[in-house]
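Here's the structure, in structure tokens; my notes come after.
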Amino acid sequence: MLLNEILRMAFASLGVNKLRSMLTMAGITIGVFSVIGVMTTVSALRGSIESGLSFLGSNIFQFSKYPTGITNDGNSRRKIEARRNVTLAQAQRYQQLMEGVTDVVCLKAPYRDGPLQATYQNRKTEPGLNMIGTNEHFLAANQFTIDIGRNFNPEDIDLGRPITIIGANIVKKLFPSESPLGKLVKLGGRTYTVVGTFAEKGSTFGQSQDDMVIVPITRYLSDYGSANVSINIATEAPDQQHYNEAVDKAITAMRIVRGLKAGDDNDFEIYSNDSLIAAFAKVADAVRAGALVISGIALMAASVGIMNIMLVSVTERTKEIGIRKSIGARRQSILLQFLIEAVVISLAGGVAGIFLGVAAGNGLAVWMKAEIVFPWDWAAIGLIVCTVIGVGAGLYPAIKASRLDPIESLRFE
Amino acid sequence: MIPPTVSRSAARAVRPPGALVIEIEGVTKLYKMGTEIIHALRGVSLNIRRNEYLAIMGPSGSGKSTMMNMLGCLDTPTAGRYEFSGKNVAHMIDDELAEIRNREIGFVFQTFNLLPRSDALHNVELPLIYAGMSPHDRRERALLALNNVGLGDRIHHRPNELSGGQRQRVAIARALVNNPSIILADEPTGNLDSRTGEEIMALFEQLYEQGNTIIVVTHEEDIARHARRVVRLRDGLIESDGPID
Ligand SMILES: Nc1ncnc2c1ncn2[C@@H]1O[C@H](COP(=O)(O)OP(=O)(O)OP(=O)(O)O)[C@@H](O)[C@H]1O
Ligand SMILES: [Mg+2]
């Protein structure tokens with residue numbers, strides 16, 4: 001008997017109980033949706049994180065007080081929280097120690113005191129600017145470029161001049177029709193002279209890079225206080241060949257700066273693009289594992305649902321089975337008919353789950369400004385799993401149907 | 001519809017019977033209903049040769065349908081021997097029986113047993129589907145079979161959109177569509193007016209003349225008279241067995 005004949009029969013009988021078939025499919029759809037949705041989001045974000053993080057540049061590594069990853073272990077968290085801040089003096093000392101290795105050492109103190117607005121005369125930006133106290137290496141280390149005006153110079157930093165470089169969004173808002181250069185803007189109650197503007201950059205992870213404002217780190221610390229500030233230090237190795245050597249030297253320098261003895265653990269974190277990506281991968285793995293567990297449970301429940309519906313269906317259609325057998329249907333034809341029905345339910349549910357999952361995952365990805373992806377591998381795995389579930393859930397009911405006695409089935413009302 | 005080829009009064013030739021095809025010996029069938037045991041057949045022996053035309057008669061509950069189901073390889077005897085074409089049915093597996101039902105036997109059920117959700121055409125095509133025939137060929141065959149029972153204009157009606165007599169004719173078309181050599185019909189004219197009944201019987205007569213074996217259950221003497229041999233059942237036993245009249 002031809003397979004397409006059996007398929008046609010399966011679709012015909014599923015069509016008889018449309019609502020019931022759909023509800024049974026829904027279980028599978030939910031299971032597949034959750035895993036595909038998460039996998040799509042994670043892959044989309046990973047692509048975007050890998051490209052987004054390259055703003056650090058490939059030969060850059062950073063020191064900071066806190067690690068990027070999630071630390072679940074309470075003990076080590078307390079230990080990290082007990083760490084001393086990285087002070088400006090320590091950072092500058094580090095800079096000096098690294099002079100023979102590299103000149104590009106970017107110090108950063110990010111503003112963390114709530115929403116920040118910039119004002120110029122009667123014009124205002126939206127709150128939510130991103131202000132960083134930093135030095136002249138900010139541009140190189142973060143791949144920003146100057147649109148008009150100039151970068152900071154070492155003198156600006158040494159003297160702590162009240163100047164600023166502002167992002168494209170701020171320029172648009174405050175200076176729609178005039179040059180911002182030399183103008184005085186207010187940031188967090190202080191006044192700074194604009195010496196330059198950043199070229200437009202777009203956004204990473206849904207966060208616009210054009211809301212960026214930088215001021216000299218020295219000025220920043222005196223304006224906003226240095227008590228609770230721990231400085232991030234980004235260092236660029238001269239090239240790829242000298243990267244590991246530079247990292248080693250940098251760690252030694254940091255240990256000296258921090259006054260650590262030979263046996264002490266590092267009381268700072270070092271991370272690079274690689275370690276950020278690894279940290280993300282760790283989180284992503286945990287999310288993935290969670291999604292797999294959840295969808296595994298959902299799919300298990302769904303397969304019980306399919307088996308249940310198939311058993312009900314076999315009982316309801318006992319007479320039909322009797323008729324088919326009485327006119328010459330072999331066991332295998334009946335078995336295949338019911339098995340394929342189960343597989344069709346499962347696969348249809350799976351395909352719906354894949355499409356919904358890809359749509360939702362990519363919706364999230366678009367919202368976070370990441371690239372759209374189609375997780376072929378997970379979609380393929382999903383279809384295989386759905387087939388297996390269909391066969392697994394349908395086999396027993398199908399065997400039961402195929403073994404029915406023709407004459408007894410015909411008598412069934 | 002095929003015009004009756006043989007009139008009632010015409011002399012009906014008895015064709016020379018062929019090889020032994022059905023051999024039943026001491027067959028009993030018991031049904032257990034809770035503690036009660038019903039003897040539907042109490043020891044029946046019967047030989048049927050190819051190209052015989054047999055009527056099975058008897059009062060209601062005498063075991064006619066039980067016997068037909070057995071002959072049609074749908075049911076198995078509780079005791080006794082049934083050989084189909086020299087092969088013991090008790091030794092055949094499910095699929096062998098399915099094969100015989102599909103290719104050798106055309107069964108017209110007393111209660112039609114049509115698929116309720118399929119139209120007449122699909123119901124008639126079904127045996128051909130299980131025989132593995134191509135869609136084109138089986139459609140042609142099914143249409144022909146439906147035309148032969150006068151239902152060429154009802155092919156897309158479902159059973160519940162057909163009258164009792166029309167359903168019966170769909171059941172007959174389904175039984176004949178695969179050109180089976182043995183036709184088993186349980187009260188095939190039970191729901192038909194006498195004219196349509198005669199037309200169906202004429203169709204059977206034609207099939208008999210083409211060399212097929214016909215076994216008809218009926219309680220109407222008029223219908224039984226079409227056969228060449230009558231077996232009378234009473235209380236699960238054969239009361240008489242011989243040529244008509
Ligand atoms: N599945 C069954 N379970 C129990 N008893 C049954 C079953 N099938 C048939 N019988 C009994 O067996 C006997 C013979 O039934 P059968 O259907 O063969 O009669 P019949 O001669 O075809 O009657 P009718 O002319 O009414 O169709 C009846 O007494 C009936 O009650
Ligand atoms: Mg009967």
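The values are calculated or read from the model by the stated rules, or taken from the named source; none is laboratory data. What you are looking at is a predicted structure, and each value in this text was computed from that prediction instead of being measured. Neighbour counts run over all protein chains shown; Cβ positions are idealised from the backbone, glycine included.
How do the pairs read when you match residues in the stretch B:171-187 that are more than 10 Å from every other protein chain (Cβ to nearest Cβ) with residues anywhere that are among the small types (Gly, Ala, Ser) and within 16 Å of ligand 1 (Cβ to nearest atom), using Cβ under 8 Å and keeping only pairs 6 or more apart or on different chains?
B:Ile172/B:Ala185; B:Leu184/B:Gly72; B:Asp186/B:Ser65
Out of all the residues in the stretch A:216-226, is one or more assigned to a loop (DSSP other than H, G, I, E, B), more than 22 Å from the chain's Cα centre (by Cα) and in contact (Cβ under 8 Å) with a residue 60 or more places away in the chain? Talk me through it step by step, then tell me what you get.
Of all residues in the stretch A:216-226, those assigned to a loop (DSSP other than H, G, I, E, B) come to A:225-226.
Next, from what is left, pick out any that are more than 22 Å from the chain's Cα centre (by Cα): A:225-226.
Cutting the leftovers down to in contact (Cβ under 8 Å) with a residue 60 or more places away in the chain gives us A:226.
Checked against the condition, which is being assigned to a loop (DSSP other than H, G, I, E, B), more than 22 Å from the chain's Cα centre (by Cα) and in contact (Cβ under 8 Å) with a residue 60 or more places away in the chain, the stretch A:216-226 yields at least one hit.
List the residue pairs whose Cβ atoms are under 7 Å apart, where the first residue sits in the stretch A:272-300 and is under 28 Å from A:Ala234 (Cα atoms), the second is polar (S, T, N, Q), and the two are 6 or more positions apart or on different chains.
From residues that are under 28 Å from A:Ala234 (Cα atoms), the pairs are A:Asn273/A:Ser54; A:Asn273/A:Ser58; A:Leu276/A:Thr68; A:Ala279/A:Thr68.
Determine which member of the set A:Phe175, A:Phe152 is buried (at least 21 other Cβ atoms within 10 Å of the Cβ) and at pLDDT 90 or above.
One residue alone meets the criteria, A:Phe152.
Which members of the stretch A:97-107 meet the condition of being out of contact with any Asp or Glu (no Cβ under 7 Å at 6 or more places or on another chain) and either modelled with pLDDT under 90 or assigned to a loop (DSSP other than H, G, I, E, B) (or both)? Steps first, please.
Going residue by residue through the stretch A:97-107, those that are out of contact with any Asp or Glu (no Cβ under 7 Å at 6 or more places or on another chain) are A:97-101, A:103, A:105-107.
Listed by number, the residues that qualify are A:Met98, A:Glu99, A:Gly100, A:Val101, A:Asp103.
Suppose we filter the stretch B:27-77 for residues that are away from chain A (no Cβ under 14 Å), under 18 Å from the mean Cα position of the chain (by Cα) and more than 9 Å from ligand 1 (Cβ to nearest atom); how many remain?
Number satisfying all stated conditions: 11.
Does any residue of the stretch B:197-213 turn out to be within 14 Å of chain A (Cβ to nearest Cβ), away from ligand 2 (no atom under 16 Å from the Cβ), surrounded by fewer than 19 Cβ atoms within 10 Å (Cβ to Cβ) and not in a helix (DSSP H, G or I)?
no
For the stretch B:171-196, how many residues meet the condition of being within 16 Å of ligand 1 (Cβ to nearest atom), surrounded by 24 or more Cβ atoms within 10 Å (Cβ to Cβ) and not in a helix (DSSP H, G or I)?
Residues flagged as within 16 Å of ligand 1 (Cβ to nearest atom), surrounded by 24 or more Cβ atoms within 10 Å (Cβ to Cβ) and not in a helix (DSSP H, G or I) within the stretch B:171-196 amount to 4.
Quickly run through the stretch B:90-105 and pick out the residues that are in contact (Cβ under 8 Å) with a residue 40 or more places away in the chain and more than 9 Å from chain A (Cβ to nearest Cβ). Can you show your working first?
Residues of the stretch B:90-105 in contact (Cβ under 8 Å) with a residue 40 or more places away in the chain: B:102-105.
B:Glu104, the sole residue that qualifies.
Any chance you could count how many residues in the stretch B:58-82 are more than 16 Å from ligand 2 (Cβ to nearest atom) and either free of Cβ contacts under 8 Å to residues at least 24 places away in the same chain or over 21 Å from B:Leu30 (Cβ atoms) (or both)?
Of the residues in the stretch B:58-82, 1 are more than 16 Å from ligand 2 (Cβ to nearest atom) and either free of Cβ contacts under 8 Å to residues at least 24 places away in the same chain or over 21 Å from B:Leu30 (Cβ atoms) (or both).
Evaluate the stretch B:14-24: report whether one residue or more is at pLDDT below 95, surrounded by 13 or more Cβ atoms within 10 Å (Cβ to Cβ) and over 19 Å from B:Val216 (Cα atoms).
no
Of the residues that make up the stretch A:283-291, is at least one among the acidic types (Asp, Glu), away from chain B (no Cβ under 14 Å) and part of a helix (DSSP H, G or I)? Walk me through how you get there before you give the answer.
From the stretch A:283-291, those among the acidic types (Asp, Glu) are A:285; that's our starting set.
Cutting the leftovers down to away from chain B (no Cβ under 14 Å) gives us A:285.
Next, only the ones that are part of a helix (DSSP H, G or I) stay: A:285.
Yes, the stretch A:283-291 contains a residue that is among the acidic types (Asp, Glu), away from chain B (no Cβ under 14 Å) and part of a helix (DSSP H, G or I).
B:Ala131: surrounded by fewer than 21 Cβ atoms within 10 Å (Cβ to Cβ), more than 16 Å from ligand 2 (Cβ to nearest atom) and either among the β-branched types (Val, Ile, Thr) or in contact (Cβ under 8 Å) with a residue 12 or more places away in the chain (or both), yes or no?
Yes: the conditions hold for B:Ala131.
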